[in-house]
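Trainee: Questions regarding the structure given below will be posed in turn.
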Amino acid sequence: MNWSAIRAIYVFEMARFFRTLAQSFVSPVLSSSLYFVVFGAAIGSRIDQVEGVSYGAFIVPGLIMLTVMTQAISNASFGIYFPKFIGTIYELLSAPINFLEIVMGYVGAAATKSMFIGIIILITSFFFVDIQIAHPFAMLAFLVLTCVSFALFGFIIGIWAGNFEQLQLIPLLVVTPLVFLGGSFYSISMLPPVWQTISMFNPVVYLISGFRWAFFGVADVPIGISLLAIALFTALCLGAVGWIFKTGWRIRQ
């Protein structure tokens, strides 16, 4: 394993992140604050509790997941698309490093960035609501797994995209609606039976449910199924990335 190459890619990507540090951190804090004001104050005044948890606290895991997923995809997709766009991807491919080391560098940096932002939102939430994390290690594990899996997904999007518009196509039209419909700001049990059944086909439900369980000990689906879902999603993304580098799809073609 060429750790020097992994470190070089990782440091380069993190340096780009820290150059826009204010934008990277201020924007999520402002956005999450607005969510707390709108959902926590306006809607929370009408909904006292959800499954024994105050509504303001109940939306925190969903809000973190919403931001973490979109940020992981955005950072990873742009990170690999830009070298492909300007042609430096060929220098990387001709270097004595394998595809796993390339993926570890780019995906590791994107996952780290999104995890930083997730932690910032968690810290921000303490200023608005009273939160007790029931299972802190499980919460951290779910956060890391989500960051890594969606960074892998973003890496695939960055390779697939043919222009800058396509970079935002799947996150805006697919991922964001799935997150909003995945129980980010409500419990699946609050829906009519038919919609509860339909929601079970939304993979994001399992991620948010597991993450919320780590906070409050309550979940819409069993925790084991949530872990299985995120493990399966990660495995599928790894398989797709391996196939891309093996065939050269959208890289050498």
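Trainee: For the condition among the small types (Gly, Ala, Ser), in contact (Cβ under 8 Å) with a residue 12 or more places away in the chain and out of contact with any Gly (no Cβ under 6 Å at 6 or more places or on another chain), what is the one hit in ALA5, ALA76, ALA15?
Mentor: Only one candidate qualifies: ALA5.
Trainee: Of the residues that sit in the stretch 99-156 and are in a helix (DSSP H, G or I), out of contact with any Asp or Glu (no Cβ under 9 Å at 6 or more places or on another chain) and among the aromatic types (Phe, Trp, Tyr), which one is surrounded by the fewest Cβ atoms within 10 Å (Cβ to Cβ)?
Mentor: Across the stretch 99-156, the extreme among qualifying residues is PHE137.
Residue-wise test of (1) touching a Gly at 6+ places or on another chain (Cβ under 7 Å); (2) under 16 Å from MET14 (Cα atoms).
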{"residue": "PHE58", "(1), (2)": "no, no"}
{"residue": "ILE64", "(1), (2)": "yes, no"}
{"residue": "MET69", "(1), (2)": "no, no"}
{"residue": "GLY108", "(1), (2)": "no, yes"}
{"residue": "LEU122", "(1), (2)": "no, no"}
{"residue": "MET139", "(1), (2)": "no, no"}
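Trainee: Another question, if that's okay. Based on what the data block shows, is PHE216 modelled with pLDDT of 90 or more, in contact with a strand residue (DSSP E or B) (Cβ under 9 Å, 6 or more places away or on another chain) and surrounded by 14 or more Cβ atoms within 10 Å (Cβ to Cβ)?
Mentor: Yes; evaluated as a whole, the condition is true for this residue.
Trainee: Something else: In the stretch 28-63, how many are exposed (fewer than 14 other Cβ atoms within 10 Å of the Cβ), assigned to a helix (DSSP H, G or I) and not β-branched (Val, Ile, Thr)?
Mentor: 4
Trainee: Could you say whether any residue in the stretch 177-195 is closer than 23 Å to GLY108 by Cα, touching a residue at least 40 places away in the same chain (Cβ under 8 Å) and not in a loop (DSSP other than H, G, I, E, B)?
Mentor: Yes; the residues of the stretch 177-195 include at least one that is closer than 23 Å to GLY108 by Cα, touching a residue at least 40 places away in the same chain (Cβ under 8 Å) and not in a loop (DSSP other than H, G, I, E, B).
Trainee: Kindly check whether there is at least one residue in the stretch 139-159 that is at pLDDT below 90 and not polar (S, T, N, Q).
Mentor: Checking the stretch 139-159: not a single residue is at pLDDT below 90 and not polar (S, T, N, Q).
Trainee: Within the stretch 224-243, is even one residue surrounded by fewer than 17 Cβ atoms within 10 Å (Cβ to Cβ), of a type outside the set (Asp, Glu), without any contact (Cβ under 8 Å) to a residue 40 or more places away in the chain and not in a helix (DSSP H, G or I)?
Mentor: no
Trainee: Take the stretch 64-75 and flag every residue that is crowded, with 24+ Cβ neighbours inside 10 Å and out of contact with any Lys or Arg (no Cβ under 9 Å at 6 or more places or on another chain).
Mentor: Scanning the stretch 64-75 gives ILE64, LEU66, VAL68, MET69, ILE73.
Trainee: Run SER4 past the list (1) hydroxyl-bearing (Ser, Thr, Tyr); (2) assigned to a helix (DSSP H, G or I); (3) at pLDDT below 85; (4) over 24 Å from the mean Cα position of the chain (by Cα) and report the number of the one that doesn't hold.
Mentor: For SER4, the exception is condition (3).
Trainee: When residues of the stretch 176-187 are filtered for being surrounded by fewer than 20 Cβ atoms within 10 Å (Cβ to Cβ) and either of a type in the set (Val, Ile, Thr) or over 23 Å from SER32 (Cβ atoms) (or both), how many remain?
Mentor: Residues that pass the stated criteria total 1.
Trainee: Next up: Which residue, of VAL60, VAL68, VAL37, VAL29, is more than 19 Å from SER187 (Cα to Cα), of a type in the set (Val, Ile, Thr) and at pLDDT 80 or above?
Mentor: VAL68
The values are calculated or read from the model by the stated rules, or taken from the named source; none is laboratory data. Since we're looking at a predicted model, the values are computed, not measured. In this analysis, Cβ positions are derived from the backbone assuming ideal geometry, glycine residues included, and neighbour counts consider all displayed protein chains.
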